[in-house]
1. Any residue at all in region 174-196 that's touching a residue at least 12 places away in the same chain (Cβ under 8 Å), surrounded by 19 or more Cβ atoms within 10 Å (Cβ to Cβ) and within 16 Å of ligand 2 (Cβ to nearest atom)?
2. Could you please tell me which pairs satisfy a Cβ distance under 8 Å, a separation of 6+ or placement on different chains, a first residue in region 13-28 that is farther than 24 Å from residue 172 by Cβ, and a second residue that is at pLDDT 90 or above?
3. Give me the strands (runs of 3 or more DSSP E) completely within region 1-82, filtered to those with at least 1 residues that are within 12 Å of ligand 1 (Cβ to nearest atom), modelled with pLDDT under 90 and out of contact with any strand residue (DSSP E or B) (no Cβ under 7 Å at 6 or more places or on another chain), ordered by residue number.
4. Test of understanding: among 135, 124, 91, which residue is out of contact with any strand residue (DSSP E or B) (no Cβ under 7 Å at 6 or more places or on another chain) and within 29 Å of residue 17 (Cα to Cα)?
5. Within region 130-146, count every residue that is away from ligand 2 (no atom under 16 Å from the Cβ) and out of contact with any helix residue (DSSP H, G or I) (no Cβ under 8 Å at 6 or more places or on another chain).
6. Can you name every residue in region 158-172 that is loosely packed, with under 15 Cβ neighbours inside 10 Å and either more than 15 Å from residue 130 (Cα to Cα) or touching a strand residue (DSSP E or B) at 6+ places or on another chain (Cβ under 8 Å) (or both)?
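The values are calculated or read from the model by the stated rules, or taken from the named source; none is laboratory data. On a predicted model such as this, the values are computed, not experimentally measured, just so you know. All Cβ positions, glycine included, derive from the backbone under ideal geometry; neighbour counts span all protein chains shown.
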Ligand SMILES: Nc1nc2c(ncn2[C@@H]2O[C@H](COP(=O)(O)OP(=O)(O)O)[C@@H](O)[C@H]2O)c(=O)[nH]1
Ligand SMILES: [Mg+2]
């Protein structure tokens, strides 16, 4: 898959295909976000949770959740006619960690969804992308309307560098999800050509 900096295709009228991950803890809104922004019917592998996942998946704070993504979510969105983002939602449960390296292969960057009710559930995702030097933005999914924390408080809680964008978002809202993705693409471009930084 072409990366965003191979611009030849875009100049010739062929959109550049970019792979983006949507990560975060179990129940943070990954499936919801991929579904709300995707311009194709999103593929999702949601299954009703069975007793087999009891005691295996961490339902702390999301006890009402009755389905779970067993493999991944997949969606597509075109940004400004030139760039096509292919979105891969990562499975949030710890028992699917083995898939993350495969999914991350060739990814331009990632959205880490943070659930304001359980901020700590996004730590493993943040850690994963930091270790592999994969650019990411943090999208704070405001579950009950208002986010109880300021951007600075979220930053301190997650302990991320000042250069990582933190965006307040609503995973159910297409426009909001699109803003998050544009922020990610801009962040990746800034990292690749520091001269573009404000
Ligand atoms: N109130 C509210 N509910 C949300 C929001 N985002 C997701 N949800 C709900 O939270 C639950 C978990 O979301 P889901 O996308 O399945 O999480 P995933 O495990 O990260 O894929 C679902 O029932 C969603 O409908 C949000 O921004 N606000
Ligand atoms: Mg899911």
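1. yes
2. Pairs that qualify, where the first residue is farther than 24 Å from residue 172 by Cβ and the partner is at pLDDT 90 or above, are 15/78; 15/84; 16/84; 17/84; 17/86.
3. none
4. Every option except 124 fails the conditions.
5. 7
6. Hit for region 158-172 is 172, nothing else.
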